[in-house]
Amino acid sequence: MAKEITHILSTDVLVVGGGIAGLTAAIRAKELGVDVILACKAMAGRSGASVFIGGDYNHYPLETDLDEAVKTAIRRSEYIDDQEMVAMIVRRARDIISKSIERWGVEYLKRGEKFRGSFYQGVPGICFKGGGPGLMGTVRTEAERVGVKIMDRITACELLTSDGKHSTKGSVVGTVGFDVRSGEFHVFKAKAVVLATGNWTIQVPYSEYDGSITGDGQGMAFRAGAEMRKMEQIAFQVKPAHGSVCNAEIGKIDHGLQQTVDKDGKEIRYLADKDKKYVRGKSVLPAIKAIKEGRGVYASYRRGSAGDFLDLMDIAPYATRALAAAGYEIPKDLVLNQISFYGSGQGGGLKVNKNMETSIPGLFAAGSVTERMYSSVQGITGALITGWIAADGAVRYAGEVSAPEVHGDQIDRLKSLIYGPLRVKDGVTYLQLRRKIRRIFEQGLGPGTRNKENLDKAVEEIEGIKKENLPRLMARDTHELMMANGNRNILDYMYLVAKAALMRTESRGAHLRTDYPERDDENWMKWVVAKMEDGEIRFWTEDIPMPILKPGE
């Protein structure tokens, strides 16, 4: 049973999340001279999505044509990304990278004098020595060195607001949550909050990440009244059917090592969009077709050199260990693949401006918790840059406001809600509910299933689960309590996805409808936006500005 002891902490800037976006934000804010606490539900720098990255990132070397890189990223998002956001990230990347991870001591992998890396969206990348774990270990060490107070195993569950209400008409003044081991309750009072909790998942086989990445930041911000955008966008990829191995990780040695093939070794090629450009969101369609035809989908690494595979052990440690444990001999064997939910690809989330401010004062966001308006920029690059920018904004905001006041009645209400599953003795476990959620996802929101009939059914079933099952959700210990609260976030997220997908009557980016298979530039150069307001969820559209590039250019 959880010990519901209350700890109250105050800080200038609170960062929630311990991946590359969160740690970068915390380090930058601390260097700017404010008090910083970082809370992470697992171990900051050693869990979540960042440690599973493929060991490289887009660094935009000096010879890169940045204007063309921006245009390429816009085209490959099928014009759904914010063009000014893309341009800002691409053009600021080189400067921020030199001031952050390169200064913090991250090492790059070389063979002789040549850096090892891949081409992502036509832009060269550099591999980190030690892959994701090597990168994140170095960044956590830097956070500790500069004096960030890191609080591991603290899961933040809900936001505190200046008016004590959800949804708020005021500002964000902190969070509440609990220690996932002891169950002790924590209240964080903060002048500014940066959410960097990553994406969401419903566990394997539809995810490349573990089941604790449950859209916590999106869920708590949505319930507090933050605007959400692009929620219909959910990316999928082709990946090995073995745990947390992702092809993105394995394919990071130059740009020609991996091929996607069928059981006979015939290459399965990606589809292009209507502008004859590669769009990652549509890359799974040929693989779906091959699976339906009984040809299967496999990864082949037979064209790599011996040196490539020596590098692979360092760049992709999780992938190589998992494949070896599954009995594969690389590069001789073809590796069985599946269609997987890709949490770091195109996706929706918190609506932010170019300062990474959300629609609620005092609340900032970075990385994949946002709407990822930079979806065609490599994920680790976008997370790093947005973390840095969010810190600048949060520190500036914290300097303009006084110490926050919190409402005791709001804290009591949220505490009761968070610990509620521990009081249910004969109910539904988080695993039972997760299976129901996954079935809804597979049948209505997954690849090749989206149409009006399936989406309507998904909305109805999600509403039913929220009404009938959530009140009966039980937890027998603090781990199950963490997962139970995560299920609430997943359900809120999936509901927004289904409703936004119903609204967008076309296929664009990672949103693929079988009843509207074509892109409709005439009617749908728009974003779908959602917000919780006075207990009701409101949806509307906003025109997509195109100051840099229009379709066909």
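For the range 179-187, putting each phi into the Karplus relation 6.51 cos²θ - 1.76 cosθ + 1.60 with θ = phi - 60° gives couplings of 6, 6, 9, 8, x, 5, 7, 10, 10 Hz, in residue order, rounded to whole numbers and with x for Gly and Pro. Measuring between alpha carbons in the structure, the pairs from K30/K415; K169/K531; K263/K292; K436/K466; K354/K499 lying more than 18 angstrom apart are K30/K415; K354/K499.
Residue by residue, the range 364-377 carries 3J(HN,Hα) couplings of 10, 8, 8, x, 6, 6, 7, 6, 6, 6, 10, 4, 9, 9 Hz when phi is fed to the Karplus relation 6.51 cos²θ - 1.76 cosθ + 1.60 (θ = phi - 60°); x denotes Gly or Pro. Phi angles of the range 157-170 translate, via the Karplus equation with coefficients 6.51, -1.76, 1.60 and θ = phi - 60°, into HN-Hα couplings of 10, 9, 8, 8, 10, 5, 9, x, 10, 10, 7, 9, 10, x Hz per residue; Gly and Pro are given as x.
Spin-label pair E542-N355: with each label point 7 Å from Cα along the Cα-Cβ axis, the two points sit 1.5 nm from one another.
Under a 5 Å amide H cut-off, with hydrogens placed 1.01 Å from N, K526 pairs with I544 among residues at least 5 apart or on other chains.
Among D426, D163, D12, D534, a tally of other beta-carbon atoms within 10 Å of each Cβ gives an order, fewest to most, of D426, D534, D163, D12. Taking amide H atoms as placed 1.01 Å from N in the peptide plane, the amide H of L473 lies under 5 Å from those of V428, each 5 or more residues away in sequence or on another chain.
Applying 1/(1 + (r/R0)^6) with R0 = 51 Å to the Cβ-Cβ distance of D95 and I8, what FRET efficiency is obtained, to the nearest 0.05?
On the way: r = 39 Å, r/R0 = 0.76.
Taking R0 as 51 Å, the efficiency between D95 and I8 is 0.85.
Our estimate of slack between K289 and T141, defined as 0.36 nm per intervening residue step minus the Cα-Cα distance, is 48.7 nm.
Quick check on the exposure proxy: order E553, E480, E158 from fewest to most C-beta atoms within 10 angstrom. Working shown, then result.
Values: E553 11, E480 17, E158 24.
Ascending Cβ contact count within 10 Å gives the list E553, E480, E158.
Among M231, M546, M503, a tally of other beta-carbon atoms within 10 Å of each Cβ gives an order, fewest to most, of M546, M503, M231. Summarising the amide proton neighbourhood of H59: residues at separation of 5 or more, or on other chains, whose placed amide H is nearer than 5 Å comprise I126.
Here, each number is a calculation from the coordinates, and none is a lab measurement. Quick caveat: nothing in here was measured; it's all calculated off a predicted structure. All Cβ positions, even for glycine, are placed from backbone atoms using ideal geometry, and neighbour counts span all protein chains on display.
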